[in-house]
Amino acid sequence: MLEKLFNSPTQWMLNKSMDVASLRNEVIADNIANVDTPRFKRREVIFEENLKKAMQFDYSNEAKLKVNDTRHYPLIEESANIPVPEIRVMEDLSYRNDENNVDIDVESAKLAKNKIMYDAVSQSMSKELTLLRLAITGRG
């Protein structure tokens, strides 16, 4: 019973998002560190696309829980494909003679965006746990 309280779909998604943001931070930092390395190709973390595909609900199959609104999340079953982050090497065009395709300005902007995302998800997780504590203790 308690595992359902601490492993709700919302908490699972927030936890996974924090993990992905942490991995994305490492990949961006690696890209920045290799900005002057000849023939280095930048890498990106792909997760959101995989998550959207995994969360698409097949209404043709009968489900254990009836969902009556497209905004509702279906239950994630144990056998469901749980998406994992994927690191892709981007072989796109290189604007430099040394065939390195890392743009320090783009990577710095991605790093700032990722930090904002991590902070927002972290704050959401904190609020989620505060609500859970409030529900358990009944105090405000």
(request) Select from the range 85-123 the residues that are under 26 Å from Asp19 (Cβ atoms), modelled with pLDDT of 95 or more and among the acidic types (Asp, Glu) and list them in ascending order. (result) Glu107, Asp119
(message) Cβ-Cβ under 6 Å, sequence separation 6+ or interchain: first residue in the range 27-42 and closer than 15 Å to Asp105 by Cα, partner polar (S, T, N, Q). Which pairs?
(response) Arg42/Asn31; Arg42/Asn101
(request) Determine the pairs where a residue that is over 23 Å from Ile46 (Cα atoms), located within the range 85-99, has a partner that is of a type in the set (Asp, Glu) with Cβ atoms under 8 Å apart, the partner being 6 or more residues away or on another chain. (result) Tyr95/Asp103
(message) Go through the range 100-128 and report how many residues are surrounded by 11 or more Cβ atoms within 10 Å (Cβ to Cβ) and more than 20 Å from the chain's Cα centre (by Cα).
(response) 5
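The values are calculated or read from the model by the stated rules, or taken from the named source; none is laboratory data. Keep in mind it's a predicted model, so treat the numbers as computed, not measured. Using ideal geometry, Cβ is built from the backbone for each residue, glycine included, and neighbour counts are taken over all protein chains shown.
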